[in-house]
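Reviewing the structure listed below.
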Amino acid sequence: MHPQTDHATHLPSTADIAVVGAGAAGLFAAIWAGRTAGPTCRVVAVDGARKLGAKILVAGGGRCNVTHHTVIEHDFAGSSPPAIRKVLRRFPVDETVRFFATAGVDLKQEETGKLFPVTDSARTVLNALMTEATTAGVQCVHPARVTAIEALPADAAAGDSSEAFRFRVVTDGGSCLARRVVLCTGGKSLPKSGSDGVGHALARALGHSITTPVVPALVPLLLAGDHWIKQLSGLTLPARLILTTVSGKRLVTTTGSTLCTHQGLSGPAVLDISRHWLVARQAEPGVRLLINWLPEETPESVDQLLQTATRGPLAVLRQRLPERLARQLCEQAGTTGAGDLSRAVRKTLGQLVTATPLPVTGDRGFAVAEATAGGVPLTEVNLKTMESRICPGLYFAGEVLDVDGRIGGFNFQWAWSSGFVAGTAAAQDRG
Ligand SMILES: Cc1cc2nc3c(=O)[nH]c(=O)nc-3n(C[C@H](O)[C@H](O)[C@H](O)COP(=O)(O)OP(=O)(O)OC[C@H]3O[C@@H](n4cnc5c(N)ncnc54)[C@H](O)[C@@H]3O)c2cc1C
């Protein structure tokens, strides 16, 4: 059952605060704006989607990984860690847990540190947000796609109070004068949900820059041609991904579950490193991605292991790795896996086990990416309020900003924290 919500398809002609985009960040910003300002302040959340909360509903496989046991700035990439920390600490994980508990959604922590609703249903999270928005006096208007946000001259009509309307929010179904705007349009991931990057254009039109490149984050990677890893499709195992410069300097490593697919690689360790590979190769096309199939081993330790193998390398490797992978590694090193190995083949095998080069040709794109790397840089935002340093009265929250988290509830935590700061500050702003 949907909770009772104040929905409309027509925009009011004026609003004190117009929240553009009613996803996780937008709903949160609207709730806190409404709670902070009280009933005299008209908060309108405008969204282009026919059904609100598409991403919340699909998140975490339909269970919605709301946050993580511990969230720190180093769980994110994009803007600088100190800048991200400033926002996170204003609304940390315990506040998220308290907010949802008060809204009737108890969260449970899983072994991985991820927090999910005890119902295991994302719907309870969305319903709670919608109910809280209504209670806070927020009017949700949808589907109404914002096509332009015009900054009005300072002396524009003051309306029914002394504070001027600074913006005209133009949608495909009419326009609305707003005193303040909170831009929460998300990034470019899962465009069918309504987040197709138009928010970047809206921010640009108001004087902001968008970082380059903007690339998918948390996205499966594609491997060249008929690479042997594709033949292992369906295999999941813990592994380490290593991103290096051409000269071999380590840039980033991620460790965790890794899935071989018929197109390449997926799973948390791959998703986590994907944005780093995509960004790094733009700066330096020769960057390399390697995979260590036995994360706790080095080429030297594997070499030692193989030297002591009396029944051939395959027998040793299949004790530690899935049979299909062990066979492939032997084959790629040029051995059947039985009998003695020459020193050269043994070295090659040790190298393959701990650092198979991955000829990545690309990624599966924004259509399947869970997040977006790139957006409005935090340097253009006052981090105490999330107000634009360029366009007074404009605020930002969520994935439209240049912040993306690793797998595990971090992206939603960013939406909650930045949404809280933007919503409360927008409500306190009196022009
Ligand atoms: C499949 C999938 C699973 C995920 N699972 C998790 C998870 O379990 N945990 C986690 O932490 N993160 C997860 N994420 C990431 C997380 O969903 C996002 O980081 C988060 O939703 C971002 O919130 P947001 O409000 O900034 O943007 P969005 O959720 O993208 O919301 C933006 C809203 O703005 C609206 N909009 C856009 N442009 C306009 C416009 N011009 N006019 C009007 N409205 C507009 C859109 O319709 C949308 O409703 C997942 C993402 C995907 C794709």
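No value in this document is a laboratory result; all are computed from the given coordinates. Just so it is clear, the model here is predicted, and its values are computed rather than measured. As a convention, Cβ positions derive from the backbone with ideal geometry for all residues, glycine included, and neighbour counts pool all protein chains shown.
Worth a mention:
- Projected area averaged over orientations for segment 280-431, convex hull of C-alpha atoms, nm²: 12.9 nm²
- Extension gain for T40 to Q428 (0.36 nm times residue separation, less C-alpha to C-alpha distance): 138.4 nm.
- Amide proton proximity set for T67, modelled H, under 5 Å, gap of 5+: L115
- Rounded to 5, the percent of DSSP beta bridges in the chain classed as antiparallel: 70 percent
- Across the chain the C-alpha pair distances fall into 20 Å bins from zero in the proportions 26, 48, 21, 5, 0 percent.
- For segment 405-422, backbone phi angles converted through the Karplus equation (6.51, -1.76, 1.60; θ = phi - 60°) give residue-by-residue couplings of x, 7, 5, x, x, 6, 5, 5, 4, 4, 4, 5, 5, 5, x, 4, 4, 5 Hz, Gly and Pro being listed as x.
- At q = 0.30 Å⁻¹, base-10 log of I(q)/I(0) for segment 305-359 (Debye sum, equal scatterers on each alpha carbon): -1.40
- Overall Cα dimensions of segment 54-187 - principal axes, largest extent first, Å: 56, 33, 26
- Residue exposure sequence - T298, T67, T96, T253 - by fewest surrounding Cβ within 10 Å: T298, T253, T96, T67
- Backbone HN-Hα couplings from phi across segment 168-176 [Karplus 6.51/-1.76/1.60, Hz, Gly and Pro as x]: 10, 9, 9, 10, 6, x, x, 10, 9
- Residue order, fewest to most beta carbons within 10 Å, for W416, W293: W293, W416
- Segment 12-66 - convex hull of the alpha-carbon atoms, volume per residue in Å³: 83 Å³
- Percentage relative contact order, segment 310-431, counting C-alpha pairs under 8 Å, at least six apart: 17 percent
- Normalised by the number of residues in the chain, the average gap of Cα pairs under 8 Å and 6 or more apart makes the relative contact order 24 percent.
- A simple spin-label model places the labels of R311 and T336 1.7 nm from each other, with each point 7 Å out along Cα-to-Cβ.
- For segment 220-363, Kirkwood radius (reciprocal of mean inverse C-alpha pair distance, Å): 15.3 Å
- Whole-number percent relative contact order across segment 220-363, with pairs defined as alpha carbons under 8 Å at least 6 apart: 28 percent
- Where a label projected 7 Å from the Cα of E163 along Cα→Cβ would reach, residues of segment 181-204 with amide N under 16 Å: 181-183
- Ranking of T372, T335, T348 by neighbouring Cβ atoms within 10 Å, starting from the fewest: T348, T335, T372.
- Estimated translational D of segment 197-266 in µm²/s (Stokes, Kirkwood radius over Cα pairs; 20 °C; 1.002 mPa s): 143 µm²/s
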